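J.: Before I ask anything, let me first share the structure, which is written out below as structure tokens.
Taken together, the values in this text are just the output of simple stated rules run on the coordinates, not laboratory data. Just so we're clear, the structure is a prediction, and the values are computed from it rather than from any experiment. Note that we place each Cβ from the backbone using ideal geometry, even for glycine, and neighbour counts take in every protein chain shown.
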Amino acid sequence: MNAKGRVHKYGDNVDTDVIIPARYLNTSNHSELAMHCMEDIDADFVKNVKQGDVMVAQNNFGCGSSREHAPIAIKASGISCVIASTFARIFYRNAINTALPILECPEAAEKINGGDEVEIDFDTGVITNLTRNESYQAQPFPDFIKKIISAGGLLKTVNSGGIN
């Protein structure tokens, strides 16, 4: 499992209300949620994001309410992975449950710039900044999380017979 794309960079404490504003929570349509992803802090995000791009942020990404709409909106927008120094715990779990790959790597979050091109090897946890010719080591996913993400989320994993 790998990802490769251009980086969209954000700072500390990006909360779920910024990722997908509450005014759009009256829909569960993934495409519609994606149309409003990040609009309150980056009005051009949806115009600029391409399938496979990567989101990078600093500390406490996904803080705030526990809505699953936030990782769904990010994934549906085309983002293939979110890298941050740290994630809010409930966002971390919701991301895995909705099959959005996320990696904690303070060094990568600090050194990667917006617009850089990065490649991620989920099996090894290696994040390669192709623009700067640097590599950073994140903790690779355990097998059970790889199975959840590959299946398309926790519910699809359970419906297909589990994680074994």
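J.: For segment 2-159, I need the span (max minus min coordinate) of the C-alpha atoms along each principal axis, in Å, sorted largest to smallest.
T.: Result, largest extent first: 43, 37, 25 Å.
J.: Across the chain, how many lysine pairs, 8 or more positions apart or on different chains, have C-alpha atoms separated by under 24 Å? Please give the number.
T.: Summing the qualifying lysine pairs gives 20.
J.: Provide the packing ranking of 12-25, 112-125, 77-90, i.e. peptides ordered by the mean count of other C-beta atoms within 10 Å per residue, highest first.
T.: Working: 12-25: 18.1, 112-125: 16.6, 77-90: 21.6.
Put in order of decreasing packing, that is 77-90, 12-25, 112-125.
J.: Assign unit charges at the C-beta atoms only (+1 for Lys and Arg, -1 for Asp and Glu), then state the dipole size of segment 2-159 relative to its Cα centre in Debye, rounded to the nearest 20. Mind showing how you got there, number by number?
T.: Working: 15 positive and 20 negative charges, 92 e Å.
The calculated dipole for segment 2-159 is roughly 440 debye.
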